[in-house]
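A quick write-up on the structure given underneath.
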Amino acid sequence: MAHLSEYDIENQFQATVKKTDRLTPAETEEVREILLEVQQPEFQCQVDQSFGVIVNVSGEFGNTIHHRLYSVADLPDKSNGKTLITMLVKRCSYVDEFSGELYKGVGSNYLCDRQVGDRITITGPFDLPFRVPDDKNANLILIGMGTGIAPFRAFVKHIYHDVKDWKGKIRLFYGARSGLELLYLNDKDGDLTQYYDEATFEAFHALSPRPHWEAPIELDKVMEQRAAEIVEMLSQSATYVYVAGYEKIRDMLDKGFSNILGSKAKWESRKAELVAGDKWAEIIY
Ligand SMILES: Cc1cc2nc3c(=O)[nH]c(=O)nc-3n(C[C@H](O)[C@H](O)[C@H](O)COP(=O)(O)OP(=O)(O)OC[C@H]3O[C@@H](n4cnc5c(N)ncnc54)[C@H](O)[C@@H]3O)c2cc1C
């Protein structure tokens, strides 16, 4: 994945906030779904893309530009030259490694604080690495954590709405801290559950056993419960593995896949094949 500074931010567009809804309950981490309308017809955004959000920050060294990327979280809706795009954003904070102080993430807090009618500056769109394989018999193992569900929600919708006649297996593994934070797979926003009727689709979720104690989300364990099927899928050459989410997912997956395949070396070798064959794609932030 290219470094953030390598993205072209010359092309800028104005987007208006049409809706902003908190998807997670008050006592959990804030994740919002925001619907943006872009009036300029030149902004042509597809499912497998991200876009940037620019925040102008004034600090002690003058004005700076803060640019962050967000995945398209639904099929873009295009009519009358306008484009409606949906994004998911988690309100982030981070601990400064020198001072040890807790700071608010600039981009995500700016977005979470926007109100309906506000205008924001966006860039892009930029391609995500999640391609729909040409072969409709191909298998897809999609693994997301937290807001990493965003690109896969759009991707799965795209396959069943637009590509159609998908014959390969799609297995979505999704990790969230608690059942209330299972975006699009909970009772209230069960958007992805509508694909449970599709013969080829299955979704599995992993939670943290003790969400209030920061215990890790057991994504690796849930994958291990499906070990036989994963081994079978990984034994086929037309199997793609796509991963999205924040950085903790990397170690969890290495652990899970190593256990499933029997050793770290076996997983490293299979992963190298997936990477070499363009069958592994990830966005990790
Ligand atoms: C291709 C791509 C697609 C992305 N898509 C999304 C998306 O759909 N939704 C989204 O919320 N973010 C997404 N991100 C992350 C996003 O770009 C920002 O990094 C995030 O909003 C934090 O920005 P910030 O300016 O608030 O804080 P920063 O100062 O950039 O980061 C603060 C801290 O939060 C951590 N962090 C960043 N994003 C998350 C997250 N989502 N969950 C948990 N911890 C996180 C960072 O590692 C850092 O430690 C994506 C990143 C990339 C590269």
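The table that follows gives values for the structure above.
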read-out	value
In Hz, Karplus ³J(HN,Hα) per residue of region 126-141 (6.51, -1.76, 1.60; θ = phi - 60°; x = Gly, Pro)	10, 6, 8, x, 8, 8, 7, x, 5, 7, 6, 8, 5, 9, 10, 9
Cleavage-rule hits, GluC sites (Glu not before Pro), region 37-112, DSSP coil, Cβ neighbours within 10 Å at most 12	42, 60, 97, 101
Cubic angstrom per residue, convex hull over Cα atoms of region 97-154	184 Å³
Value of Rg to Rh for the chain (Rh from inverse mean 1/r over Cα pairs, i.e. Kirkwood)	0.96
Percent antiparallel among DSSP beta bridges (both partners in the chain, rounded to 5)	65 percent
Residue 218 long-range amide H proximity, modeled H, under 5 Å	207, 208
Packing rank of 65-78, 224-237, where each peptide gets the mean count of other beta carbons within 10 Å, highest leading	65-78, 224-237
Cα-based equivalent ellipsoid, region 139-284: semi-axes from gyration tensor eigenvalues, Å	22, 21, 13
Relative packing of 170-177, 81-88, 126-133, which averages over residues the other C-beta atoms within 10 Å, highest first	170-177, 81-88, 126-133
Cα pair count fraction exceeding 16 Å, expressed as % - region 139-225	52 percent
Region 4-127 - Debye-derived log10 I(q)/I(0), Cα point model, q = 0.09 Å⁻¹	-0.27
Listed pairs 19/271; 104/266; 169/264 exceeding 31 Å between Cα atoms	19/271; 104/266
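Just so you know, all these numbers are worked out from the coordinates, no wet-lab data involved. Keep in mind that this is a model prediction, so the values were computed, not measured. Every residue, glycine as well, gets a Cβ built from its backbone with ideal geometry; the counts of neighbours run over all protein chains shown.
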